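The structure appears right after this line, and notes come after that.
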Amino acid sequence: MSDFIDELNDAQRAPVLHKDGPLMVIAGAGSGKTRVLTYRIAHLMEQGVDSFNILALTFTNKAAREMKKRIATIVGNSEAKNLWMGTFHSVFAKLLRFDGDKLGYPSNFTIYDTQDSQRLIASIIKEMGLDKDIYKYKQVQNRISSYKNSLITVKAYFQNPELMEADAMAKRPRLGEIYQNYVDRCFKAGAMDFDDLLLRTNELLTRFPEVLMKYQDRFRYILVDEYQDTNHSQYLIVKALSDRYQNICVVGDDAQSIYSFRGANISNILNFQRDYDDVAVYRLEQNYRSTKNIVNAANSIIANNKNQLEKNVWTSNDDGGLIKIHRSVTDAEEGRYVAGSIFESKMQNQMQNGDFAVLYRTNSQSRAIEDALRKRDIPYRIYGGLSFYQRKEIKDVLAYLRLIINPKDEEALKRVINFPTRGIGQTTVDKLVVAANHYGRSIYEVMDNLDKLNLNINAGTQRKLTDFVTMIKSFQIMNEGSDAFTLAEHVAKKTGLLLEFKKDGTPEGIAKMENIEELLNGIKDFVEGQKEVADATGSLTEFLEDVALATDMDKEVEDDDRVALMTIHLAKGLEFPYVYIVGMEEDLFPSAMSMNTRSELEEERRLFYVALTRAEKQAFLTYTQNRYRWGKLIDAEPSRFLEEIEEQYVENLTPVNDGYRYKSMINKDIFGEVDKSKLRQVKPKNGTPPSVQKPNENQLRKLRKLKPEISSPAKPMDLDPGLVIGARVNHTRFGRGKILNIEGAGNDKKAEIHFDQGGIKKLLLRFAKLEVL
Ligand code: ATP
Ligand code: MG
């Protein structure tokens, strides 16, 4: 047996060596699930399984590339090349290129990104004469997307009165028609949106048993990472493909399921054992990534969730530093703190920029952090947000390139038909759209047959339209014998795009021109890189495929030493020595949008668990008292999640004052030196009789189990008038309750409170907002 097996512990080795048949690895963060998947593939290949017969589905293409690299070092490069590995979208886009023709798609179909979809939906709404304030295109797109991910086709939609009624109730009775038109138009344009890549794969595998058999036979071993986040559509594909050989290996962690808003369904994990016979279930418990403090703190957070599988994650790593909590007055100060702290750590611990990550709940939080990092000259990179490929000038070039491959592509055509300007106005385009809809053809086909149609377009404009078609055709001829770079460079010049931005002369214009040059560099790199890939030629089709499915995460330049800034969602599966989680505030994290139900709140908590478990050596949690949101400075309140970490694992860098709320903008950093006259003290409401409520059986049982604890003398302290044992208090979220015990002092002071509604909780007074009743 090969050496690499020794790089696994016993618990990890078992699933790696597991013979045929279904298996599932359910384990906490950092316990080596991804490593197991990688090594299992290498092991299968060593056992003689043909790399051609293995399919691995990962969360990002970058993860797939890294796995492939690791496997290549074990089994050799040439073998590893044949593996089908990547995200669901990229793998099934490839499959649809081979067999999508059975569904009537050309093999060179275009992939519409979200922006393309939204633009198309917006124009359909306009053409249908609907009120755009009621039919908001983004919401409509969202709705259509969720239908597709639940496999609700247009036909299924119109057969389901409940769905139609729901849309009618939401004042959008014509949503079904928009859906219908959207699907027709995409089809006519030879385009699939992201959701189609899964929906059409399902359709293909269901309608064409011979295609299903072909791929079942090809993918005899299927492996899925981050299985907890597969949605229904993805789940069905995996189920269908693995049905024959049942060699399916999934790894995941229910505690890290964070995509239910996109239709991911945690029951996929729970039902796995029901779906397959004789499932072997493996558990891993040892975390190799993080310090004891981080692992334990993360465990204490997730313990607050009711819905979870029992797990015991531990580590033999060092204790490490306590989790540092920092409070600042404004978000700008929060940014300065993070930048300063990174700067210091780099100096003291000889770390690289790439050892640091700043994670946030929403993209808009990055700005303050960016400003501060720039001031300190710390290079950073933002993942997500507006990616390079979504910039206007880049999309313009890509639109021309897309038209070469698929001239029916409606969104690409509309984008560049008059850019750079060539005298083709909106009225003309509208006429073309009407004609295209009338004849059931694409706009390009209409343009290519102008002489046979009578569209009431004047001769001058007709000539311009014909010139455009001729230009695209000349590119198509060139495409036959050129690689993607040669062609793209020619297109950028010939269409006048480069010149357009150059003659603009403004700094923005120059920057755009440079971006196009950057794109061309990227294409050149791509073409070079493809030389190493089996069956690849560096063609334009390959490049466009790569771009359409690239996430920003995938475009990381490896020798680029930068601090990583990203949302927590994007950070899943990654690890960094130092992690800053910023904006630990109520309504931000947990998000105000996600606090309506327990399950939403639990998903936010899992998100926090994911965030914290990215850290290897040290985690920092920061919050601010004031934050600019929606253009206004608002009072912020510390996140409830801060209270939930068992306090022995945290260290507060900025003392917080007990039981008080402050007016904003006063300096509260130095405990004891606060100007009390500026405090807004919560006044005890005298005369309110404490409401008496008997604890229920469950609560009584818990009460009896309570260990007697050493408590500080139950006398009122200076800053806590009324916070004494026996006092009735009100908590902003848990409601009313009675103080059972008080222990600790200063920063560590906490109260054990029996809440009328929610049982007994121990709260750190520095976070808990308690009002004495
Ligand atoms: P996540 O839930 O965050 O996706 P995971 O369970 O997939 O985590 P991995 O990323 O596979 O965990 O492993 C976490 C880290 O621990 C990695 O750096 C990995 O190389 C390391 N690791 C895993 N197993 C071992 C082992 N047996 N010996 C040494 N290091 C290990
Ligand atoms: Mg992993």
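The values are calculated or read from the model by the stated rules, or taken from the named source; none is laboratory data. Please read all numbers here as calculations on a predicted model, not as lab measurements. Cβ sites come from the backbone with ideal geometry, for glycine too, and all protein chains shown count toward neighbours.
Taken over the stretch 399-427, the residue count meeting the criterion of being modelled with pLDDT of 95 or more and at positive phi is 0. Considering the stretch 83-112, and only residues there that are of a type outside the set (G, A, S) and in contact with an Asp or Glu (Cβ under 8 Å, 6 or more places away or on another chain), the residue that is farthest from ligand 1 (Cβ to nearest atom) turns out to be L103. Total residues in the stretch 215-267 satisfying the condition of being more than 20 Å from A27 (Cα to Cα) and within 12 Å of ligand 1 (Cβ to nearest atom): the figure is 0.
Of everything in the stretch 318-336 that is of a type in the set (D, E, K, R) and surrounded by fewer than 16 Cβ atoms within 10 Å (Cβ to Cβ), the residue that is nearest to ligand 2 (Cβ to nearest atom) is D318.
The residue of the stretch 418-443 that is farthest from K503 (Cα to Cα), among those that are in contact with a Leu (Cβ under 6 Å, 6 or more places away or on another chain) and surrounded by 19 or more Cβ atoms within 10 Å (Cβ to Cβ), is A435. Consider the stretch 41-69 and keep the residues that are within 13 Å of ligand 2 (Cβ to nearest atom) and in a helix (DSSP H, G or I). The one that is farthest from E7 (Cα to Cα) is K62. Looking for something within 16 Å of ligand 2 (Cβ to nearest atom) and either over 23 Å from Q308 (Cβ atoms) or within 27 Å of the chain's Cα centre (by Cα) (or both) - is there at least one such residue anywhere in the stretch 265-272? Within the stretch 265-272, one or more residues are within 16 Å of ligand 2 (Cβ to nearest atom) and either over 23 Å from Q308 (Cβ atoms) or within 27 Å of the chain's Cα centre (by Cα) (or both). Hey, any hits in the stretch 300-310 for a residue that's among the polar types (S, T, N, Q) and within 11 Å of ligand 1 (Cβ to nearest atom)? Among the residues of the stretch 300-310, not one is among the polar types (S, T, N, Q) and within 11 Å of ligand 1 (Cβ to nearest atom), which makes the answer no.
Residues considered: T34, T58. Of these, the only one that is at pLDDT below 95, closer than 30 Å to P577 by Cα and within 16 Å of ligand 1 (Cβ to nearest atom) is T58. Looking only at the stretch 284-317, count how many residues are assigned to a strand (DSSP E or B) and surrounded by fewer than 18 Cβ atoms within 10 Å (Cβ to Cβ). Number satisfying all stated conditions: 1.
Flag: S31 does not match the condition of being in contact (Cβ under 8 Å) with a residue 24 or more places away in the chain and over 29 Å from the mean Cα position of the chain (by Cα). For R336, the criteria (1) among the basic types (K, R); (2) assigned to a helix (DSSP H, G or I); (3) under 25 Å from the mean Cα position of the chain (by Cα) hold in every case but one, which is (3).
Among the candidates A536, A619, A564, the residue that is away from ligand 2 (no atom under 16 Å from the Cβ), modelled with pLDDT of 90 or more and over 19 Å from the mean Cα position of the chain (by Cα) is uniquely A619.
When the stretch 594-621 is examined, which residues are found to be more than 15 Å from L642 (Cα to Cα), of a type outside the set (D, E) and touching a Phe, Trp or Tyr at 6+ places or on another chain (Cβ under 9 Å)? Across the stretch 594-621, the qualifying residues are S594, R614, A615, K617, Q618. Scanning the stretch 526-549 for residues that are surrounded by 17 or more Cβ atoms within 10 Å (Cβ to Cβ), in contact with a Phe, Trp or Tyr (Cβ under 8 Å, 6 or more places away or on another chain) and at positive phi turns up at least one hit.
May I ask you to list the residues in the stretch 5-31 that are part of a helix (DSSP H, G or I), within 7 Å of ligand 1 (Cβ to nearest atom) and surrounded by fewer than 18 Cβ atoms within 10 Å (Cβ to Cβ)? First the steps, then the outcome.
From the stretch 5-31, those part of a helix (DSSP H, G or I) are 5-7, 10-17; that's our starting set.
Retained after the next criterion (residues that are within 7 Å of ligand 1 (Cβ to nearest atom)): 7, 12.
Matches in the stretch 5-31: E7 only.
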